[in-house]
């Protein structure tokens with residue numbers, strides 16, 4: 001196996017354990033700004049002077065910059081960084097996963113403390129080990145009114161991006177690398193070599209994307225979507241994906257009465273609720289015991305499982321009937337379907353601006369009720385009289401104990417749910433609302449979207465925002 005050049009040192013006294021290890025060293029690109037960022041993190045106090053954490057970081061960044069992401073695997077990291085034997089079984093030895101959790105936490109600490117003025121942010125998304133680089137200015141915004149509403153049919157207003165002042169770096173932290181753009185005093189200066197490296201980085205990023213590798217830099221819309229999914233999926237708590245109970249919907253339509261959450265949780269709706277004394281009452285009530293859901297919900301769950309922010313061991317697909325109250329107290333959840341098909345949504349009605357209302361009387365419209373209508377807005381959005389139209393909602397809320405997050409994705413019908421999921425999974429469509437929901441601290445506050453779309457043979461056409469609310473309802 002070829003032995004490559006040793007890794008450059010990040011600062012005086014910094015030594016990599018990978019020096020001289022076969023297949024571990026770099027082959028140049030020492031002035032690449034992404035590499036320089038990795039060196040600063042590796043030499044920082046945030047990593048606690050841990051040689052293994054630093055080597056872990058430098059190895060994955062090196063492979064990413066050189067478009068060799070196929071080598072960023074648990075097996076390869078275990079062999080190169082942690083000295084495990086060739087062919088060792090990661091299922092029996094979780095050292096890479098254990099150190100990856102520590103490394104992600106330490107990188108976050110770096111950008112909160114020593115690296116708070118970095119123009120570029122580095123993250124290692126959960127579910128993999130390949131790093132991603134963000135424009136850090138995307139995550140810093142000016143203050144925006146939490147109750148702003150996007151005018152329907154118009155482009156959203158552009159809000160200015162406020163750039164944080166870069167604090168002067170102490171000499172003990174700033175790396176002293178010739179040509180890297182840092183002088184002995186720790187002040188930043190632009191050099192011709194740095195501009196050349198920046199251009200080289202751009203070309204490398206384009207080359208990697210053309211070759212089918214993960215992009216090294218992501219756009220603003222992708223960074224905002226990453227922010228949303230990162231808050232819904234974490235290694236610290238389970239995330240429950242809860243599809244609709246369509247057997248419950250059919251049963252409720254036949255008995256013309258809704259099933260309250262209490263009866264749904266204790267299971268009494270399957271035995272004590274009578275359909276009216278007909279001989280087929282038993283067959284009707286059996287529908288409440290059958291496990292039916294629809295393809296739209298399953299397709300959405302499949303897309304969620306492929307998100308790079310997902311922590312596989314923490315993602316749980318739970319049938320609505322099997323969910324427990326404690327799951328919504330301690331975990332994150334994505335509830336799919338309306339109150340009629342997913343009674344757990346009832347718990348979050350006080351936090352919603354748009355609530356589903358089912359009317360068994362065919363002369364009365366079922367639909368999403370606008371609980372706090374504003375000038376020019378309808379009180380209810382329904383498909384009655386306009387079957388070619390459908391609606392769905394996307395609601396991002398705190399869980400029952402404010403310790404996690406809940407995402408509600410619901411529709412008036414299958415096409416409405418499809419419209420909501422399609423809108424949610426499109427970073428370009430979500431970007432304006434996520435910009436307004438983002439706080440000055442870089443988190444997301446609760447928000448709610450009423451989405452509309454055409455309904456063509458139970459399939460949604462291109463979705464669009466009808467109404468938007470940022471923040472919880474008045475008094476919440």
TODO: Among 391, 99, 264, rank each residue by its count of other Cβ atoms within 10 Å, from fewest to most, as a rough exposure measure.
DONE: 99, 264, 391
- [ ] Working from the alpha-carbon coordinates of the range 29-123, get Rg over Rh, Rh being the Kirkwood radius.
- [x] 0.98
- [ ] Determine, for 363, 426, the number of other Cβ atoms within 10 Å of each Cβ, and report the residues in order from fewest to most.
- [x] 363, 426
Task: Fewest-first ranking of 97, 106, using other Cβ atoms within 10 Å as the exposure measure - done: 97, 106
Task: Spread of Cα-to-Cα distances over 10 Å intervals beginning at zero, given as percent, for the range 348-414 - done: 19, 46, 27, 8, 0
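Values in this text are rule-based calculations from the coordinates and carry no lab data. From a predicted model like this one, the values you see are computed outputs, not experimental measurements. All Cβ positions, glycine included, derive from the backbone under ideal geometry; neighbour counts span all protein chains shown.
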